[in-house]
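Just below is one structure, and these are the notes that go with it.
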Amino acid sequence: QVQPVESGGGVVQAWGSLRLSCAASGRTSVIYNMGWFRQAPGKEREFVASIIGTGIRTDYADSVKGRFTISRDNAKNTVYLQMNSLKPPDTAVYYCNTVHFATRTPVGDYWGQGTQVTVSS
């Protein structure tokens, strides 16, 4: 099991950038497939991006494709989400978790506190 801790959120104006980090504790010998999810006020949690293994494959929701980049540092057991050209609809609490790559669904039992991203117009 992985216990994620998200950080890096904040308040930014439209077209600004943020870099989120997810420190994911777990078996250091295992390269987990990791994903980012977000939940906006009044909405369901949605898939944002995922990365398989050491990063050979990535996947993005259409709403963020071309603007967000997921990456990882396996030695540090950390996953990143570089968010560029942010828009007000990106405002949400962002979470990371292990992910079933093909279905874009979280599989881990433990969620972190998430990190708030607020994009102003």
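The values are calculated or read from the model by the stated rules, or taken from the named source; none is laboratory data. Just so it is clear, the model here is predicted, and its values are computed rather than measured. Cβ coordinates were reconstructed from backbone atoms using ideal geometry, including for glycine residues, and neighbour counts include every protein chain displayed. Surface accessibility is based on the protein's heavy atoms, side chains included, excluding ligands, DNA and RNA. Shrake-Rupley method; radii C 1.70, N 1.55, O 1.52, S 1.80 Å.
A few remarks follow.
- Using the Cβ-Cβ distance between Gln113 and Ala61 with R0 set to 30 Å, the FRET efficiency from 1/(1 + (r/R0)^6) comes to roughly 0.85.
- Heavy-atom accessible surface of Arg72, to the nearest 10 Å², is about 40 Å², with a 1.4 Å probe and all protein chains retained.
- Solvent-accessible heavy-atom area per residue, rounded to whole Å², over the chain at 1.4 Å: 53
- At R0 = 35 Å, FRET efficiency that the Cβ-Cβ distance of Thr105 and Ala75 yields, to 0.05: 0.80
- Region 48-74 and region 81-113 have their alpha-carbon centroids 10 Å apart.
- Taking max minus min of the alpha-carbon positions on each principal axis, the chain gives extents of 43, 26, 26 Å, largest first.
- Cut-off 11 Å between beta-carbons: net charge of the residues surrounding Arg38, Lys and Arg +1, Asp and Glu -1: -2
- Short-range pairs are left out: with C-alpha atoms under 8 Å and at least six residues apart, the relative contact order of the chain is 37 percent.
- Here the accessible area of the chain is 49 percent carbon and sulfur, with a 1.4 angstrom probe and all protein chains present.
- Between Val30 and Ser85, residue separation times 0.36 nm minus the direct Cα-Cα distance comes to 16.5 nm.
- Other residues lying with their Cβ under 14 Å from the Cβ of Ile70 contribute a combined charge of +4, Lys and Arg counting +1, Asp and Glu -1.
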